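Enquirer: Below is the structure I would like to discuss, written out as structure tokens.
The values are calculated or read from the model by the stated rules, or taken from the named source; none is laboratory data. The structure presented is a predicted model; accordingly, all values stated were derived computationally and were not measured. For neighbour counting, all protein chains shown are included, and Cβ atoms are generated from backbone atoms with ideal geometry for every residue, glycine included. The accessibility values were calculated without ligands, DNA or RNA, using every heavy atom of the protein model including side chains. Shrake-Rupley method; radii C 1.70, N 1.55, O 1.52, S 1.80 Å.
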Amino acid sequence: MSTHSTSGSTTLDEVTGEPLGGANASTVPAAEHEGSGPLPPRRRRAGSVPRTRLTVALLGLVLPVLLLLVWHLLSTNGFYSPVQLPQPSAVLGAGWELLRSGDLWVHVGISTQRVVVGFMLGSALGLAVGALVGLSPWARILAGPTVGALRAVPSLAWVPLLLLWIGIGENSKVTLVAIGAFFPVYTTVSAALQHVDGQIVEAARSFGIRGVRLFTTVQLPAVLPAVISGLRLALAQAWLFLVAAELLGSSMGLGFLLTDSQNNGRTDRLLLAIVLLAVLGKLTDALIGVFERWTQHRWGSAPAT
Amino acid sequence: MRHVLTRPDTALDAAAVSFENLGKSFPSRDGRYEQPVLTDVSFRVEPGEIVTVLGPSGCGKSTLLRAVGGLSAPTSGAVRIDDDVVSGIDPRCAVGFQEPRLLPWRTITKNVELGLPARTPSGTGRRRVAELLDLVGLTHHAGHRPGEVSGGMAQRASLARALARNPRVLLLDEPFGALDALTRIRMQDLLLQVHRADPTTVLMVTHDVEEALVLSDRVVVLTRETPTSPATVAEVLAPDLARPRSRDDTRLTAMRTHLLRLLGVER
């Protein structure tokens, strides 16, 4: 404890230093963490579960490799015809063929773009409307039932209307993806905000923090875990709605590749599109994981709300 | 160890608080009638005084304090800070709650910063927070999160956050009630040090007779006739003794017996 003396200051003695140091010892429960690392160590799981990143990653590949083997077996032993189930190598060949012609990048690129733009728009809007409905009782009373009813409309029901209003171009597809991303974020955020600890909100208000600043300093960090899981669901929905949009009217994208391959009997390309969707979905989900770790680092883990 | 506390350059003069026939009622559980909690409460806290409000639990002590901070509006009467009637959160007050109420995802430093008045220059703010953390003995835990420190430390951080606001009136709602006896005594000493360095007005709610007697210039006793009737001021006691006071002072013993009798405990 530093000692600094300034003219006109009041002198205090002994009390702050020593007894307070002793106070630490008198309150036993948390004393174990004090002075140690910045965060208490995570609770270890049962000893038999592997922990190193490499082992975990490798073990995660066991099942896909097994599936690949079964696939290969079923496609070569005559159980399925090549039209029903082409060999894995044929699918790889189809991928190579599309890659050389440049079509693969077009399909993957345009689909990813639609998902990313639609997801961004939809989840931003979901966060905004979710915040409004979660924080304002008036918004909840007025808009809650309407938004709930809109959520109940099946995704494909929007397609004819979107085509009629926005046309068959990019905008209608991005809008459909945005609709898909909107609802998971809206639902999780509005529900979580209603359960933020009222005591800390009141404490912040007593320090003159209100409005947007109250939202960004207290309420948003408090519901961050819910926001992240909402974003995860929203991303999955975005891919789902993307395929719906592309199946119905498009000339590019993985959904188009699916219908086009179906019409031309190219089961190899069809399977390729499915594998690509799985890989892209997992990759974009991993990006959310990166974002989650960044927010945890930035704000620390907020308690579950 | 000697410790020197500088009065912050930004410190503002202490303000007076006056209660004028304050009354408060809450809607009953079924919403069919109003249950009065406080009635006709009138007293004045002079600038720089330490006044404690003593009363049985559930008698509306916290309600009284919340009315000063503007956290809830009285049903009748008014609270004035200096000459202004309180309406809404008042920037001249800072509240120390019974629970620390820290943001669990922020470090202790970042939590104390929340108390700084709006538009504090960042350099000044950082210096002030460091000074306050030093004062409450948390310099070495500045980077910890509330979940990683003890209850007593969290409560000290909460006090530092309230002081960061440079309040003209410091409102404390049983701030040491949840602490163990030893930590409580240390916190009381700390409060007196803080007050000596920067004599702001302190209005504190407690149900601990001992605490009221050791700390206050005056003790306002709230009582009610039955547990369902509203509470009002029964007596204002002024323990006219210099601080720090010994907890074994015989003059306090007599007052303690008197206060306990007022609260319905016969010895």
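Enquirer: Without any contact (Cβ under 8 Å) to a residue 60 or more places away in the chain and either closer than 29 Å to B:Gly69 by Cβ or touching a Pro at 6+ places or on another chain (Cβ under 8 Å) (or both): does that describe A:Leu270?
Expert: no
Enquirer: On the basis of being open to solvent by less than 60 Å² (accessible area, probe 1.4 Å) and in a helix (DSSP H, G or I), does B:Leu222 make the cut?
Expert: Considered against the rule, which asks whether it is open to solvent by less than 60 Å² (accessible area, probe 1.4 Å) and in a helix (DSSP H, G or I), B:Leu222 comes out as no.
Enquirer: Need the failing condition index for B:Ser158 against (1) over 30 Å from B:Ala231 (Cα atoms); (2) of a type in the set (S, T, N, Q); (3) open to solvent by less than 10 Å² (accessible area, probe 1.4 Å), just the number.
Expert: With respect to (1) over 30 Å from B:Ala231 (Cα atoms); (2) of a type in the set (S, T, N, Q); (3) open to solvent by less than 10 Å² (accessible area, probe 1.4 Å), B:Ser158 is out only on (1).
Enquirer: How many of the residues making up segment B:72-107 are among the polar types (S, T, N, Q), open to solvent by 30 Å² or more (accessible area, probe 1.4 Å) and within 27 Å of B:Pro47 (Cβ to Cβ)?
Expert: Result for segment B:72-107: 3.
Enquirer: Quick check: is even one residue across segment A:240-248 open to solvent by 40 Å² or more (accessible area, probe 1.4 Å), within 17 Å of A:Val116 (Cβ to Cβ) and hydrophobic (A, V, I, L, M, F, W, C)?
Expert: Yes: segment A:240-248 contains one or more residues that are open to solvent by 40 Å² or more (accessible area, probe 1.4 Å), within 17 Å of A:Val116 (Cβ to Cβ) and hydrophobic (A, V, I, L, M, F, W, C).
Enquirer: Let me ask something else about it. If B:Thr232 satisfies every condition in (1) touching a residue at least 40 places away in the same chain (Cβ under 8 Å); (2) assigned to a loop (DSSP other than H, G, I, E, B); (3) open to solvent by 10 Å² or more (accessible area, probe 1.4 Å) but one, which is the exception?
Expert: Against the list (1) touching a residue at least 40 places away in the same chain (Cβ under 8 Å); (2) assigned to a loop (DSSP other than H, G, I, E, B); (3) open to solvent by 10 Å² or more (accessible area, probe 1.4 Å), B:Thr232 comes up short only on (2).
Enquirer: Filter segment B:138-148 down to residues that are without any contact (Cβ under 8 Å) to a residue 40 or more places away in the chain and within 11 Å of chain A (Cβ to nearest Cβ), then give me how many there are.
Expert: The qualifying residues number 7.
Enquirer: Could you count how many residues in segment B:91-130 are within 10 Å of chain A (Cβ to nearest Cβ), outside any strand (DSSP E or B), touching a strand residue (DSSP E or B) at 6+ places or on another chain (Cβ under 8 Å) and touching a residue at least 60 places away in the same chain (Cβ under 8 Å)?
Expert: 2
Enquirer: Name the pairs whose Cβ atoms lie under 9 Å apart, with the first residue in segment A:158-179 and outside any helix (DSSP H, G or I), the second open to solvent by less than 70 Å² (accessible area, probe 1.4 Å), and 6 or more positions between them or separate chains?
Expert: From residues that are outside any helix (DSSP H, G or I), the pairs are A:Ile168/A:Gly249; A:Ile168/A:Ser250.
Enquirer: Hey, does segment A:271-281 have a residue that's open to solvent by 50 Å² or more (accessible area, probe 1.4 Å) and more than 20 Å from the chain's Cα centre (by Cα)?
Expert: Yes, that holds for at least one residue.
Enquirer: How many residues are under 16 Å from A:Val196 (Cα atoms), over 14 Å from the mean Cα position of the chain (by Cα) and open to solvent by less than 70 Å² (accessible area, probe 1.4 Å) if we restrict to segment A:120-134?
Expert: 4
Enquirer: Please enumerate the residues belonging to segment B:149-200 that are at the interface with chain A (Cβ under 9 Å from one of its Cβ atoms) and acidic (Asp, Glu).
Expert: Answer for segment B:149-200, where residues must be at the interface with chain A (Cβ under 9 Å from one of its Cβ atoms) and acidic (Asp, Glu): B:Asp180, B:Asp189, B:Asp198.
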